[in-house]
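I have placed the structure first, in the form of structure tokens, so that the comments after it can refer back to it.
We did not get these values from a lab; they are worked out from the coordinates using the rules stated. Just so we're clear, the structure is a prediction, and the values are computed from it rather than from any experiment. Counting neighbours? That spans all protein chains shown, and the Cβs are built from the backbone with ideal geometry, glycine included.
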Amino acid sequence: AVGCRLSASGCRLSAIGCRLPAPGSRLLAPSSQLSAIPYPLTEWRLTIRAMDYRRLEVWKKSMLLVKTVYPLIERLPQEEKYALGNQIRRAVASIVLNIAEGTGRNSDKELRYFLTVARGSTAEVEAQLLICIELGFFSEQDAASALQLCDNVKGMLYRFMERVGSTQ
């Protein structure tokens with residue numbers, strides 16, 4: 001089985017206990033493990049089925065974003081809690097859910113699709129927070145950590161998508 005790990009420092013995926021090399025370089029693994037690699041080394045692919053999304057740093061950071069955004073939603077005026085508030089809740093939950101669903105799919109192409117949707121949802125949350133700031137529902141200082149998390153998650157998702165694409 002292939003295990004995958006994503007670090008905040010640069011989307012490192014590991015395969016059979018060794019790091020996945022940069023595109024164009026050789027895959028190095030102990031000789032006893034070479035027979036366990038499902039494809040020839042020149043055509044190595046990321047095996048999605050073994051990926052545990054709960055261990056991905058991008059998923060953990062997305063969960064932190066959920067925990068940061070929900071208290072902000074409670075500050076919305078009553079008339080906005082059910083309109084804008086529900087839209088923000090759905091968008092921020094969508095980030096976490098799409099990462100999980102993508103890792104549960106059977107191909108790199110499907111994983112990339114769901115990571116793309118998650119990245120779009122992150123941009124949506126960011127835009128919704130900016131709308132709330134513009135309308136005076138909370139200050140930019142109040143939303144600063146959520147906005148910073150949005151930037152971090154978007155970057156992590158982008159790097160993860162690039163890395164998954166480089167294994168094809």
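Numbers at a glance
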item: Rg over Rh [alpha-carbon atoms, Kirkwood Rh] for the range 119-168; result: 1.16
item: Compactness of the range 43-168 as Cα Rg over 2.2 N^0.38 Å, two decimals; result: 1.13
item: Stokes-Einstein diffusion coefficient of the range 77-146, Kirkwood radius over Cα pairs, 4 °C, 1.567 mPa s, in µm²/s; result: 99
item: Whole-Hz ³J(HN,Hα) from phi, Karplus 6.51 cos²θ - 1.76 cosθ + 1.60, for the range 123-133, glycine and proline x; result: 5, 5, 4, 4, 5, 5, 5, 5, 4, 4, 5
item: Cβ-based charge dipole, the range 93-168, positive-most Cα from LEU135, ASN98, VAL153; result: ASN98
item: Cα-based reach from LYS61 at 13 Å (exclusive), listing aspartates and glutamates while leaving out same-chain residues under 8 positions away; result: ASP151
item: Separation of the LEU64 and ALA93 label points, Cα + 7 Å toward Cβ, nm; result: 2.3
item: Reach of LYS81 by Cα under 22 Å, taken over lysines that are not fewer than 8 positions away in the same chain; result: LYS67
